[in-house]
Amino acid sequence: MFEQFKSLELFPVTIFDIATNLLIALICGLIIALVYRFIYKGPSYSVSYVNSLVLLTLITSIVILVIGNNLARAFGLVGAMSIIRFRTAVRDVQDIVFIFFALTIGMAAGVGLHAIALAGTLIISLVAVVLVTFNFGSPRKREYLLQLTYVSNQENESKIAGILKK
């Protein structure tokens, strides 16, 4: 009885579905990358990271298309993907948020939920831009860290002490 279900394809994927899902994922990935470029204020901007956001959205969409409704494929891909690890330390929490953002939108596009992928991308992007534009969460009083590199001698230390007293 269960032998009949092995080859049952409940939701066949057509080439049109693949092209549409990838196009939506590409559009959303580009929007995510543009928003990241616009709101990033960290110390070291990475072009490869921005490009990776677009590619991550597309790759996630393809992974979801490959899994389809097959539970065995899903577990197989989880096992295969567990080999891959990010060895790069993420510099900013915002980078992790954008990775999760790209993954989620790629999943929505891969499943074929185009309205959710587009609406989610636009709404989350708008919220991110508004939060950065109005400096939401930044403290009222700014504290700064001054780091000096100098040759330690009496003359330099007296000059620095005079500047700091002002």
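The values are calculated or read from the model by the stated rules, or taken from the named source; none is laboratory data. The structure presented is a predicted model; accordingly, all values stated were derived computationally and were not measured. Please note: Cβ atoms are built from the backbone with ideal geometry, for glycine as well, and neighbour counts cover all protein chains shown. Heads up: the accessible areas ignore ligands, DNA and RNA and are worked out on the full protein's heavy atoms, side chains in. Shrake-Rupley method; radii C 1.70, N 1.55, O 1.52, S 1.80 Å.
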* Pairwise label distance in nanometres, Leu146 with Ile123, each label 7 Å out on the Cα-Cβ vector -> 4.8
* Once whole DSSP H runs in the chain are found, which of them have Cα atoms spread over 18 Å or more along the helix axis and a mean Kyte-Doolittle score of at least 0.0? -> 15-39, 47-67, 93-111, 114-133
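Determine the share of the chain's accessible area contributed by carbon and sulfur atoms, expressed in whole percent, with a 1.4 angstrom probe.
Details: 8790 of 12700 Å².
Here it works out to 69 percent.
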* To do: Take the alpha carbon atoms of the range 27-49, find their center, do the same for the range 110-166, and report the distance between the two centers in whole angstrom.
  => 15
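Using DSSP loop states and a limit of at most 12 other Cβ atoms within 10 Å to flag chymotrypsin sites (Phe, Trp or Tyr not before Pro), what is the longest stretch of the chain containing no flagged site? Numbers along the way, then the final one.
Numbers: sites that count: Phe2, Tyr45, Phe86, Phe134, Phe136, Tyr144, Tyr150.
Result, exposed sites excluded: 87-133.
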* Give me the net charge of Leu53's neighbourhood, meaning all other residues with Cβ under 11 Å from the Cβ of Leu53; Lys, Arg count +1, Asp, Glu -1. => 0
